[in-house]
Amino acid sequence: MWVITNDRMELGQIKDFCTCEMCEKRGFYEPIITNQIYITDYDKSQRFHGYKFYDNLIDLIKPGDIVNGHKVLQIYKKNILNIRFFEKYLECRSYKSSQPFNLYEKDIKNIVTKEQLESMKYVVERDK
Ligand SMILES: [Zn+2]
């Protein structure tokens, strides 16, 4: 399972759950996440207000995000073989080529959200 903060500045994968005595006492087993996100019983009491959870990484991607270095233009759902199975894919455009191409869940190696990108723009601004 994947988690992203509402401001889309932090995202990570829930790898496991803590089994320490404190968690056991509280009755809330804190998730172990692959980055700086710490979800506690306080967050639970707030109904995880600051986070969104997804089964698939592709579901947290939005147009304007950068995936594997390519800008995501659109997100499509494809109905495979006309049965009740939907596969989502991303239509991306590379900075190197004008031809859009598709990326699937299994292809996703890294993501920079639009919001992270915008915060980085500030870093490279020239001093006035
Ligand atoms: Zn614990």
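Out of segment 1-39, which residues are hydrophobic (A, V, I, L, M, F, W, C) and within 10 Å of the ligand (Cβ to nearest atom)?
Hits for segment 1-39 are 17, 18, 20, 22, 23, 28, 32.
The residue that is surrounded by the most Cβ atoms within 10 Å (Cβ to Cβ), counting only those in segment 40-59 that are within 14 Å of the ligand (Cβ to nearest atom) and either at pLDDT 95 or above or among the acidic types (Asp, Glu) (or both), is 43.
The values are calculated or read from the model by the stated rules, or taken from the named source; none is laboratory data. This structure is a prediction, so every number in the text was calculated from the model and none was measured. Using ideal geometry, Cβ is built from the backbone for each residue, glycine included, and neighbour counts are taken over all protein chains shown.
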